[in-house]
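Quick note: the coordinates plus some simple rules give every number you see, no bench work behind them. Note that the structure is a prediction, hence the values are computed from the model and not measured. For neighbour counting, all protein chains shown are included, and Cβ atoms are generated from backbone atoms with ideal geometry for every residue, glycine included.
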Amino acid sequence: MQLRYNYRVYPTPSQQASLARAFGCARVVFNDGLRARQEAREQGLPYLSDAELSKRVTAAKGAPERAWLGEVSSVVLQQALADLNAAYRNFFASITGKRKGRKVAPPRFRSRKDNRQAIRFTANARFKVLDNGRLRLPKIGDVEVRWSRGLPSEPSSVTVIRDAAGRYFASFVVQTADEPLSPVESEVGIDLGLTHFAVLSDGTKVAAPKFLRRAARKLKRLQQDLSRKTKGSNNRKKAVVKVARAHAQVADTRRDWQHKLSTRIIRDNQAVYVEDLCVAGLGRTRLAKSVHDAGWSQFVGMLEYKATRYGRTFARVDRFFPSTRMCSDCGRINDKMALDVRAWDCPCASSHDRDVNAAMNVLAAGRAESLNACGAQVRPAPVPAPREEAGIRPDAACATRSVEGVSVL
């Protein structure tokens, strides 16, 4: 499978200027191609092909007003057009129904004020990782790289990224072989939430770290300092970088914590089953800040690709499956329950913890799906989940200074 390996790079001031020039040239080529296709559509002309746009870029490099396009690698410009073509293909596939998921909007113009700038070098650019550990990029130079780990194979491309905090990264695309782990007997179902980030079917509860909530005081102070700065001043630019660095620290901490938790779950279980939550819909409710702070989609994505790489089974359970209201012993589906009901008793004399019972039902539904090779109905018909299912207790939204329950696993 193909994976990305990201490393921090430290370009010199002259190399930063060369990278900024490359970012600008790639942005101009992308915008020129998008403008040409929009004008052709407005005039009723045929759709401009990829080859036609490439010819226009080559011709523009010879024009006096675009002569500075020759100062950067031609591969960077061609890859900018490739990004535009991919964006159009995704848009057409979305509106015709060939692409599943949410509708994709048409491509839009790139701005020099975007928080993230990136360029890509393929093998045709002949970038090279030198013996001294530096990364040689055409027309930029040898860039220092902080190698946190070695590359498993020869990279096919590298993307140089500058984020909002002013940091530079090199993202290598490499082909890796699967590394199956030794089989184990245990399987687990996971119920994701806000009070507890994850509740496993074996009764383990992992408290939500709430990294954004814990950093709210610092972010508030930095945002207030930013609001006092005069627009367009250098001090405002410095304040913007400080705010971006604070947010980057929160995102990096969350990503590192989720990587460790997902790796531990994949190693300890042969099969992992997770409920398919509608995170986009929950992100538009009054719980949006807590939902985005949890980062469920990122965590589930980690579980999915790690399960594929390490030879584990991963499956999603239908979001309309009544995992919370169903008794894990007798299968009886109860009525709606308020969020403050954390434990309930079934008429079959079984007592359930709300979250543990949901995780057990997710495990049972995932096993049934994996065993049902003929496509028969193995669980009750879908039941619309009540709005109160996606919520937290009113007293659970406050920030905490300690991450309780994280060390359980």
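Averaged over all directions, how much area does the convex hull of the C-alpha atoms of region 115-263 cover when projected, in nm²? Numbers along the way, then the final one.
On the way: hull surface 53.9 nm².
The orientation-averaged projected area of the Cα hull of region 115-263 comes to 13.5 nm².
What is the sum of charges, Lys and Arg at +1 and Asp and Glu at -1, for the other residues whose Cβ falls under 11 Å from the Cβ of Ala20?
Numbers: positive: Arg21, Arg27, Arg112, Arg162; negative: none.
The answer is +4.
Would you please name the chymotrypsin sites (Phe, Trp or Tyr not before Pro) within region 110-212 that are DSSP coil residues with at most 15 other C-beta atoms within 10 Å of their C-beta? Mind showing how you got there, number by number?
On the way: sites: Phe121, Phe127, Trp147, Tyr168, Phe169, Phe172, Phe197, Phe211; in loops: Phe127, Trp147.
Filter output for region 110-212: Trp147.
Could you bin all the Cα-Cα distances of the chain into 10 Å bins starting at 0 and give me the percent of pairs in each, rounded to whole numbers?
Over the chain, the share of Cα pairs per 10 Å bin runs 4, 16, 23, 24, 19, 10, 3, 0, 0 percent.
Using the Karplus equation 6.51 cos²θ - 1.76 cosθ + 1.60 (θ = phi - 60°), what ³J(HN,Hα) coupling, rounded to whole Hz, does each residue of region 96-111 give in order, writing x for Gly and Pro?
After applying 6.51 cos²θ - 1.76 cosθ + 1.60, I find 8, x, 6, 9, 7, x, 5, 5, 9, 7, x, x, 10, 5, 8, 10 Hz.
Which listed residue (Thr230, Gly283, Val300) has the Cα farthest towards the positive end of the charge dipole for region 208-326, taking +1 on Lys and Arg C-beta and -1 on Asp and Glu C-beta about the Cα centre?
Thr230
Reachable aspartates and glutamates from Lys61, Cα under 18 Å, same-chain residues fewer than 8 places away excluded?
By straight Cα distance, Lys61 reaches Asp32, Asp50, Glu52, Glu71.
Pick from Ala51, Ala358, Ala239: which residue has the top mean-square fluctuation in a GNM of the chain where Cα pairs under 10 Å get a spring?
Among Ala51, Ala358, Ala239, the largest GNM mean-square fluctuation belongs to Ala51.
Excluding Ala294 itself, what net charge comes from residues whose Cβ is under 11 Å from its Cβ, given Lys and Arg +1 and Asp and Glu -1?
Working: positive: Lys210, Arg213, Arg254, Lys289; negative: Asp293.
The answer is +3.
At 222 nm, what helix-only mean residue ellipticity would the chain give, in deg cm²/dmol to the nearest 500, using -39500 (n - 2.57) for each DSSP H run of four or more?
Numbers: 10 runs with 160 residues, N = 409.
About -13000 deg cm²/dmol.
Taking a 18 Å limit on the Cα-Cα distance, which of the listed pairs Lys220/Lys289; Lys218/Lys260; Lys205/Lys260; Lys113/Lys289; Lys218/Lys238 fall beyond it?
Details: Lys220/Lys289 14 Å; Lys218/Lys260 26 Å; Lys205/Lys260 16 Å; Lys113/Lys289 25 Å; Lys218/Lys238 16 Å.
Going by Cα-Cα distance, Lys218/Lys260; Lys113/Lys289 fall outside the 18 Å limit.
Where the only charges are on Cβ atoms (+1 Lys, Arg; -1 Asp, Glu), what is the dipole of the chain about its Cα centre, to the nearest 20 debye?
2420
Counting other C-beta atoms within 10 Å, and keeping those with at most 11, which DSSP coil chymotrypsin sites (Phe, Trp or Tyr not before Pro) do you find in region 29-73?
For chymotrypsin sites (Phe, Trp or Tyr not before Pro) across region 29-73 that sit outside H, G, I, E and B with at most 11 neighbouring Cβ atoms in 10 Å, the list reads Tyr47.
Loop only by DSSP, 16 or fewer other Cβ within 10 Å of the Cβ. Give me the trypsin sites (Lys or Arg not before Pro) in region 172-276 that pass, ordered by residue number.
On the way: sites: Lys205, Lys210, Arg213, Arg214, Arg217, Lys218, Lys220, Arg221, Arg228, Lys229, Lys231, Arg236, Lys237, Lys238, Lys242, Arg245, Arg254, Arg255, Lys260, Arg264, Arg267; in loops: Lys210, Lys229, Lys231.
When the trypsin sites (Lys or Arg not before Pro) of region 172-276 are filtered for loop state and at most 16 Cβ neighbours within 10 Å, Lys229, Lys231 remain.
Let me check I've understood the local charge: for Asp163, count other residues with C-beta under 12 angstrom from its C-beta, Lys and Arg +1, Asp and Glu -1. What total comes out?
On the way: positive: Arg8, Arg116, Arg162, Arg167, Arg245; negative: Asp114, Asp252.
Counting the neighbours of Asp163, the net charge comes to +3.
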